[in-house]
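Taking it in order: structure first as structure tokens, then the write-up.
The values are calculated or read from the model by the stated rules, or taken from the named source; none is laboratory data. Since the structure is predicted, the reported quantities are computational estimates derived from the model, not experimental observations. Every residue, glycine among them, receives a Cβ derived from its backbone with ideal geometry; neighbour counts consider all protein chains shown.
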Amino acid sequence: MITCRELVGFIAEYLDDALPATKHREFEAHLRACDRCVVYLDSYRRTIALGKAAFADLDAPVPPEVPDELVKAILDARRFRA
Ligand SMILES: [Zn+2]
């Protein structure tokens, strides 16, 4: 069985589905036995999703007809939610 530390090192590959089958099985066996790593994996996934959303926003051009106040309000609302 892999350790928590090893699991953390494998997370990126696990989420990319890039782990060899044996490691993948060990990874999931560890998750079944270790709540802490389930929580960690969950927050890791969320962080990735947030990061992707943030970058998606950066790529999206702001339509010129959107008033500055509205843009600012949206940004403020986001900051408040985060
Ligand atoms: Zn663990």
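A few points about this structure:
- Within segment 1-21, the set of residues being hydrophobic (A, V, I, L, M, F, W, C) and farther than 13 Å from residue 48 by Cα comprises 1, 2, 4, 7, 8, 10, 18, 19, 21.
- Tally, over segment 38-61, of residues that are in contact with a Lys or Arg (Cβ under 9 Å, 6 or more places away or on another chain) and either outside any helix (DSSP H, G or I) or at pLDDT 90 or above (or both): 1
- Qualifying positions in segment 9-26 - under 17 Å from residue 46 (Cβ atoms), among the hydrophobic types (A, V, I, L, M, F, W, C) and surrounded by 14 or more Cβ atoms within 10 Å (Cβ to Cβ): 11
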